[in-house]
Amino acid sequence: MQDEECSKAGYTALATVMGPFHRMRMYKRFAALSAHNLLLQQAEVLDLESQLQAQVIADRKIGLPYERNARSMIESGRISDKSGHQWRLVLQIREKLSDYNAALLQQAEIAKLTQPREYDRRLLQDWLARKDGGDNFLLGAEDRPWLESESGDLVALSNKGHDSFTHWIGEKLVPLAADWKLIQQAC
């Protein structure tokens with residue numbers, strides 16, 4: 001069954017190649033898009049913070065005791081008039097801040113991921129291009145992660161696997177031996 005899946009180009013075949021080979025599990029980081037998202041979330045929280053600061057001053061001016069009595073502020077949220085606005089802002093900030101912090105921590109974790117080894121990336125690119133591999137099934141935007149110009153935005157879920165000597169043999173000696181064999185066959 002696995003051989004049938006590998007012989008058909010498509011995402012199932014690509015997943016079959018990536019799945020058992022940890023170093024082949026490479027994906028687009030979306031660094032610029034993620035930074036843009038964080039900046040927008042930050043702007044939302046900053047705007048809400050400004051609104052809250054203005055509301056604190058306005059509530060203080062009319063004598064509402066919220067700075068010294070949190071319970072009265074919380075209870076004011078049950079009232080639909082202006083006296084509960086500060087509490088409703090606090091609840092909005094809590095939600096937006098939670099989303100922002102989660103996204104920030106997620107990006108911190110993603111930033112710890114390393115780029116794939118060039119050899120592994122080229123190996124996967126080769127498989128995607130080969131007729132007996134991916135047969136160039138990715139089209140349009142779906143092909144972008146594997147373009148040379150986009151390679152800096154890829155992350156590898158694992159670069160572990162072999163010691164440096166084994167990597168050297170696999171990346172330098174084996175291809176050299178394969179090239180030597182092709183040269184001998186041509187003569």
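Does ARG68 meet the test of being exposed (fewer than 11 other Cβ atoms within 10 Å of the Cβ), more than 19 Å from ASP153 (Cα to Cα) and among the basic types (Lys, Arg)?
yes
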Completion exercise
Within segment 140-160, restricting to residues that are among the hydrophobic types (A, V, I, L, M, F, W, C) and over 13 Å from the mean Cα position of the chain (by Cα), the one that is farthest from PHE21 (Cα to Cα) is ALA141
Problem - Given (1) in contact with a helix residue (DSSP H, G or I) (Cβ under 9 Å, 6 or more places away or on another chain); (2) under 30 Å from LEU124 (Cα atoms), index of the condition TYR66 fails - result: (2)
Handout entry: Residue within segment 65-87 that is assigned by TED's automatic domain parsing to the domain that holds ALA13, touching an Asp or Glu at 6+ places or on another chain (Cβ under 7 Å) and in contact (Cβ under 8 Å) with a residue 12 or more places away in the chain present
Key = no
Completion exercise
Cβ pairs under 9 Å, 6+ apart or interchain, first in segment 43-61 and touching a residue at least 40 places away in the same chain (Cβ under 8 Å), second surrounded by 11 or more Cβ atoms within 10 Å (Cβ to Cβ) and among the hydroxyl-bearing types (Ser, Thr, Tyr), ordered by first then second residue, are GLU44/TYR100; VAL45/TYR100
Practice task
Determine which single condition SER34 fails, assuming it passes every other condition in (1) small (Gly, Ala, Ser); (2) out of contact with any Pro (no Cβ under 7 Å at 6 or more places or on another chain); (3) surrounded by 12 or more Cβ atoms within 10 Å (Cβ to Cβ); (4) farther than 22 Å from ASN101 by Cβ.
Solution key: (4)
Handout entry: Only one of GLU75, GLU67, GLU44 that is of a type outside the set (A, V, I, L, M) and at pLDDT 90 or above
Key = GLU44
Practice task
Would you point out which residue out of MET1, MET24 is at pLDDT below 95, of a type in the set (A, V, I, L, M) and in contact with a Leu (Cβ under 8 Å, 6 or more places away or on another chain)?
Solution key: MET24
Exercise for the section: Scan LEU89, LEU14 and give me the residue that is in contact with a helix residue (DSSP H, G or I) (Cβ under 9 Å, 6 or more places away or on another chain), more than 21 Å from GLU142 (Cα to Cα), surrounded by 11 or more Cβ atoms within 10 Å (Cβ to Cβ) and of a type in the set (A, V, I, L, M, F, W, C). Expected result: LEU89
Fill in the blank from the handout: Only one of (1) assigned by TED's automatic domain parsing to the domain that holds LEU147; (2) surrounded by 15 or more Cβ atoms within 10 Å (Cβ to Cβ); (3) touching a residue at least 40 places away in the same chain (Cβ under 8 Å); (4) touching a helix residue (DSSP H, G or I) at 6+ places or on another chain (Cβ under 6 Å) does not apply to TYR119, and that is (2)
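Does segment 90-109 contain any residue that is among the small types (Gly, Ala, Ser) and at positive phi? Walk me through how you get there before you give the answer.
First, the residues of segment 90-109 that are among the small types (Gly, Ala, Ser): 98, 102-103, 108.
Narrowing the set further to residues that are at positive phi leaves none.
There is no residue in segment 90-109 that is among the small types (Gly, Ala, Ser) and at positive phi.
Is segment 49-61 home to any residue that is at pLDDT below 90 and buried (at least 17 other Cβ atoms within 10 Å of the Cβ)?
no
The values are calculated or read from the model by the stated rules, or taken from the named source; none is laboratory data. For clarity, every value in this text was computed on a predicted model and none was experimentally measured. A quick note on method: Cβ atoms are made from the backbone with ideal geometry, for glycine too, and the neighbour counts reach across all protein chains shown.
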